[in-house]
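What follows is one structure encoded as structure tokens, with my remarks underneath.
The values are calculated or read from the model by the stated rules, or taken from the named source; none is laboratory data. All values reported here derive from a predicted model rather than from experimental measurement. Positions of Cβ are backbone-derived with ideal geometry, glycine not excepted, and every protein chain shown enters the neighbour counts. Ligands, DNA and RNA are stripped out before the accessible areas are found, and what is left, the full protein with its side chains, is counted by its heavy atoms. Shrake-Rupley method; radii C 1.70, N 1.55, O 1.52, S 1.80 Å.
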Amino acid sequence: MSNPVLVEVTRGNLVESRHRGTVVAVDGDGRTLLSLGETDAAVFPRSACKAMQALPLVESGAADAYGFGAKALALACSSHSGEPEHVALAAEMLAAAGRDHHALECGAHWSSDQKTLIAQARSLEAPSALHNNCSGKHAGFICACCHSGTEVSGYIGYDHPLQQEIRGVMASLTGAILARDNCGVDGCSIPTYAVPLKGLAHGFARMATGIGLGPGRARASRRLIDACMAEPFYVAGTKRACTRLMKLAPGRIFAKTGAEGVFCAAIPEKGIGIALKCEDGATRAAEAMVAATLARFFADEPEIHAGLMAQANHSIRNWNRMHVGDVRVTDALAA
């Protein structure tokens, strides 16, 4: 089965590029509401599943013990831009557990926000691990370990107790079997597992609704989802797609990107979980795909629908601000 073309990029009057992909939306019971392409195919969710990986932070009691509010919980689920607010909050989270950036095992890189990057280049000899887009997630990992008395060093390893716990959490939510044969290493060095796309969507539907989850996990799941929706800047950053999507309908849309064209989303009030992948890994196409997919479920709310479709279909301008083409979803996704 060939995945359908879901996004086209034009230049002038011609289509310059086409992006194939797969999209699935399910409810908390696992009923399929939308299916395009090979939705049973396994994909690496990458950072799109960070809210699942943050569950031990809440379920262990660490988040409450260290006084974490919505901003810190959102940062624990984030792929942030390394802006000053993100860096400072990650440092505060670590300090609450008596640690600092030296405990982070995610590696270091410069900010992805251009304004911040320029300021960093002027003031820093080199970035620290706090600037890594995954530092909030890793700070959450470290805090969970510290609270439970688990050895922090090596927390990124496949056999570390924390990663074993996360593996169990993700398997329970998605219904997938997770082991070494479907495991890779993520950009921030923790294990990442190939999961059927439909299982990933079902996992987020369950987190949003609590269906099929024990009371404690249901509360922890919704707490993380709600924190992300309440503090979308701390999930991503200035002008980022996740932040823009959640700001469009405050408290009603959860959205989280992952590398290589993956996106997960949820509409808690409708009990819907969404997962998608752009086949060639293009972020621009994945962002258009998730906006258009969300729009399908807000068809009866013209303002939100129009705002989502404006993010799905948008113009391309060159450095002289001339309109040179468009990113647009195809009829297969917009129908």
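Calculated accessible area for the chain comes out at 41 Å² per residue, all protein chains present (probe 1.4 Å; ligands, DNA, RNA ignored). Only helices enter the 222 nm calculation for the chain: every DSSP H run of n ≥ 4 contributes -39,500 (n - 2.57), and dividing by all residues gives -12000 deg cm²/dmol, rounded to 500. Atom-type composition of the exposed protein surface of the chain places 51 percent of the accessible area on carbon and sulfur (1.4 angstrom probe).
Axis of helix 161-174 versus longest Cα principal axis of the chain: the two differ by about 30°, to the nearest ten degrees. Rounded to the nearest whole angstrom, the semi-axes of the ellipsoid equivalent to region 98-170, taken from the Cα gyration tensor as √(5λ), stand at 28, 13, 9, largest first. Residues of the chain were split at every exposed loop site, defined as chymotrypsin sites (Phe, Trp or Tyr not before Pro) in a DSSP loop with at most 16 other C-beta atoms within 10 angstrom, and the longest piece left, sites excluded, is 159-318. Highest GNM mean-square fluctuation among Ile272, Ile118, Ile142, for the chain modelled with Cα contacts below 10 Å: Ile118. Taking the chain as a Gaussian network of alpha-carbon nodes connected by springs under 10 Å, the highest mean-square fluctuation of the residues Arg223, Arg244, Arg122 belongs to Arg122.
Sparse packing (at most 12 other Cβ atoms within 10 Å of the Cβ) combined with a DSSP loop state is found for the following trypsin sites (Lys or Arg not before Pro) in region 23-67: Arg31. Shape verdict for region 5-333, please, from the Cα gyration tensor: rounded (a/c under 1.5), prolate (a/b greater than b/c) or oblate. Verdict is oblate for region 5-333.
Loop exposure criterion: GluC sites (Glu not before Pro), DSSP state outside H, G, I, E and B, at most 15 other Cβ atoms within 10 Å. Applied to the chain, the longest stretch between such sites is 152-335.
Distance from the C-alpha centroid of region 39-109 to that of region 1-32: 30 Å, rounded to the whole angstrom.
Checking the Cα-Cα distances for Lys50/Lys115; Lys71/Lys198; Lys198/Lys256 against a 23 Å cut-off, the pairs over it are Lys50/Lys115; Lys71/Lys198. Overall shape: oblate for region 59-103, with the ratio a/c of the largest to smallest alpha carbon gyration tensor axis at 1.5 or above and b/c at least equal to a/b. Using the alpha-carbon atoms, what tilt in degrees (0 to 90, nearest 10) does helix 197-209 show relative to the longest principal axis of the chain? It is inclined by approximately 70 degrees. Annotation for region 113-134 versus region 182-255: alpha-carbon center distance of 26 Å.
Counting only Cα atoms, the size of region 222-286 along its three principal axes is 32, 27, 18 Å, in decreasing order. Helix 283-296 and the longest principal axis of the C-alpha atoms of the chain enclose an angle of approximately 80°. Computed from the alpha carbon positions, the gyration tensor of region 29-173 leads to an equivalent ellipsoid with semi-axes of 27, 21, 14 Å, biggest first.
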